[in-house]
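Right, one structure below, let's go through it.
The values are calculated or read from the model by the stated rules, or taken from the named source; none is laboratory data. As the structure is a prediction and not an experimental result, all values here were calculated from the model. Note: ideal-geometry Cβ built from the backbone for every residue, glycine included; neighbour counts use all protein chains shown. Keep in mind that these areas ignore ligands, DNA and RNA; they rest on the heavy atoms of the full protein, side chains included. Shrake-Rupley method; radii C 1.70, N 1.55, O 1.52, S 1.80 Å.
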Amino acid sequence: MKQRSCQHVGTAATVAVLLLLATTLTHAIINGTLDGNLHPNVGVVISEVDGQKFSPCSGNLIAPTVFVGAAHCLEFIKLVGGTQVWVSFASHVDADVNFIEVSNLDTSTLIPGTLHPNPAFDAHAPDPNDVAVITFETPVVGITPAVLPTPGLLDELGQQNGLKDQLFTVVGYGVNQRIEGGGGKTYLRDLSRRFATSGLNSLTPALLRLSTNSTQGFGEPHAADSGGGIFLGGVESNTLVAIVGLRGSPGYYQAYRLDTASARAFLASFVTLPN
């Protein structure tokens with residue numbers, strides 16, 4: 001998605017734009033399991049337009065004052081006129097939710113942050129640079145940040161064993177149930193953190209494509225999981241190798257790799273990276 005401007009419009013029209021773009025741009029976990037406190041460093045993003053709060057995506061604490069998410073989601077927040085952004089690390093955020101529109105929100109867990117979009121983001125490029133950051137003025141305490149990967153980690157593992165049997169754990173706060181029938185699909189979301197397992201579909205220089213094959217017990221990210229964590233291995237892993245990306249296709253979804261030179265070049269301005 002190229003950088004665009006957005007005229008200030010009324011709340012109803014703005015929410016309509018939010019719903020349309022969220023359906024197009026973001027991905028939530030279908031066939032997921034309630035996370036509880038397994039991944040406390042995965043949080044949910046909240047923003048506001050015309051007094052209406054909305055929650056378009058997820059993300060991950062990678063340092064006490066640094067939260068990494070998807071560039072397309074943070075650009076989306078700017079596009080629709082969101083200026084303030086908050087993050088909650090609660091396993092369940094108490095609110096009334098209509099897809100991404102949020103009301104009656106318990107604000108006690110919200111941490112204010114500052115958006116840092118990625119100027120290199122280009123949704124149509126082979127390497128979309130789909131990584132951006134939110135920073136906090138005050139360090140988050142009591143939560144161990146996720147561990148970022150070493151350079152080219154997925155390539156190294158692919159050369160060793162092809163990643164054929166490698167499992168990944170995806171974590172986010174997006175849509176958790178899809179109901180089909182009655183002339184259409186209904187998507188349910190409750191702002192709870194969930195996780196699911198995925199297996200490899202394919203690996204590109206910038207993207208990790210993960211299988212959504214439900215017969216193998218794999219989950220499927222959907223709306224508002226964008227930016228959510230992709231951890232290497234099972235639920236016990238804290239190595240964040242990718243984040244849920246911009247789009248998927250039947251049978252797989254895309255994750256943006258964090259072990260590439262371009263991702264590391266952007267993140268190096270905010271955190272000390274492993275070598």
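Packing here is the average count of other Cβ atoms within 10 Å per residue, and on that basis the peptides 220-229, 159-168, 95-104, 119-128, highest first, run 220-229, 95-104, 119-128, 159-168. Couplings for the range 263-268, taken from phi via the Karplus curve 6.51 cos²θ - 1.76 cosθ + 1.60 with θ = phi - 60°, read 5, 5, 4, 5, 5, 4 Hz in order; Gly and Pro are left as x. Each residue of the range 127-134 was assigned a 3J(HN,Hα) from its phi angle through the Karplus curve 6.51 cos²θ - 1.76 cosθ + 1.60 (θ = phi - 60°); the sequence is 10, x, 6, 8, 9, 8, 9, 10 Hz, with glycine and proline shown as x.
Extension gain for V235 to T144 (0.36 nm times residue separation, less C-alpha to C-alpha distance): 31.3 nm.
Most tightly packed first, judged by the mean number of other beta-carbon atoms within 10 Å of their residues, the peptides 235-243, 253-261, 266-274 read 253-261, 235-243, 266-274. With 0.36 nm allotted per residue and the present C-alpha distance subtracted, the D165-D96 stretch has 20.9 nm of extension available. Using a simple spin-label model with pseudo-atoms 7 Å out from Cα toward Cβ, E137 and A120 lie 3.0 nm apart.
Surface composition of the range 42-192: carbon and sulfur atoms hold 48% of the protein heavy-atom accessible area at a 1.4 Å probe.
The phi torsions of the range 92-99, fed into the Karplus equation with coefficients 6.51, -1.76 and 1.60 and a -60° offset, translate into couplings of 9, 9, 6, 6, 8, 10, 10, 6 Hz, rounded to whole numbers, with Gly and Pro shown as x. Working from label points 7 Å from Cα in the Cα-to-Cβ sense, the Q52 to T204 distance is 3.4 nm. Note that the range 205-275, at 10 °C in a medium of 1.306 mPa s, gets a Stokes-Einstein diffusion coefficient of 121 µm²/s from its Kirkwood radius over C-alpha pairs.
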